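Peer 1: Before I ask anything, let me first share the structure, which is written out below as structure tokens.
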Amino acid sequence: MKISTKGRYGLTIMIELAKHYGEGPTPLRQIAAEKELSEAYLEQLVSPLRNAGLVKSVRGAYGGYMLAHKPADISAADVIRVLEGPIQPVEGIENEEAPQRELWGRIRDAVKHVLDTTSIEDLAKFSDSDAIDGYMFYI
């Protein structure tokens, strides 16, 4: 399963809004500037998130976006499903033979579990200093 920039940048928006939760609306231009992303692209992504009830918009000079729920109540899966569609590692697994169908189903379930049990709050609390160093493989 490959998550596109829609899912990745959508999570970025949600994480940044979680970091400012309770402080009022955050303008997308601020997120775009801090993360060096296109504000126009973020605008395209925030619309489906708003339609899904994950974010609220506030108009005006001090407007922007806020999470519609507590960060702990929004999962990474909520965001990915809105922006990427169903979580499916391969299409048409029902047509596969039993061993492959079992494997793809287990992979799907594992990915769903991680996304379902990871909240936006969890991601907002994660810092760069918590990052796992790159793996080194020796042959």
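Peer 1: Kindly express, to the nearest 10 degrees and within the range 0 to 90, the angle between helix 5-19's C-alpha long axis and the longest C-alpha principal axis of the chain.
Peer 2: With rounding to tens, the tilt is 50 degrees.
Peer 1: Could you give the length gained on full extension between Asn95 and Ala52, defined as 0.36 nm per residue of separation minus the Cα-Cα distance, in nm? Working shown, then result.
Peer 2: On the way: separation 43, 0.36 × 43 = 15.48 nm, distance 3.16 nm.
Length gained, Asn95 through Ala52: 12.3 nm.
Peer 1: Still on this structure: What is the helix-to-structure angle for 98-117, meaning the angle in degrees between its Cα long axis and the longest Cα principal axis of the chain, kept from 0 to 90 and rounded to the nearest 10?
Peer 2: Helix 98-117 and the main axis of the chain meet at about 20 degrees.
Peer 1: Something else: Can you tell me, using C-alpha contacts under 8 Å and at least 6 residues apart, the relative contact order of the chain as a whole percent?
Peer 2: That works out to 29 percent.
Peer 1: Next question. Go ahead and estimate [θ] at 222 nm for the chain from helices alone: -39,500 (n - 2.57) per DSSP H run with n ≥ 4, summed, over the residue count, rounded to 500.
Peer 2: It comes out at -16000 deg cm²/dmol, rounded to the nearest 500.
Peer 1: Take the chain, connect every pair of alpha-carbon atoms lying under 10 Å apart with a spring to form a Gaussian network, then pick out the residue of Glu121, Glu91, Glu43 with the largest mean-square fluctuation.
Peer 2: Highest fluctuation among the options: Glu91.
Peer 1: Working from Cα positions, state the angle (0 to 90°, nearest 10) between the long axis of helix 39-51 and the longest principal axis of the chain.
Peer 2: Long axis of 39-51 versus the principal axis of the chain: about 80 degrees.
Peer 1: GNM, the chain, Cα, under 10 Å: largest mean-square fluctuation among Gly92, Gly63, Gly53?
Peer 2: Gly92
Peer 1: Something else now. When Cα Rg over 2.2 N^0.38 Å is calculated directly from the model, which label among (i) 1.08; (ii) 1.20; (iii) 1.01 fits?
Peer 2: For Cα Rg over 2.2 N^0.38 Å, the calculated option is (ii).
Readers should treat all values here as calculations from the given coordinates under stated rules, not as data from a laboratory. Just so it is clear, the structure is predicted and the values come from calculations on it, not from any experiment.
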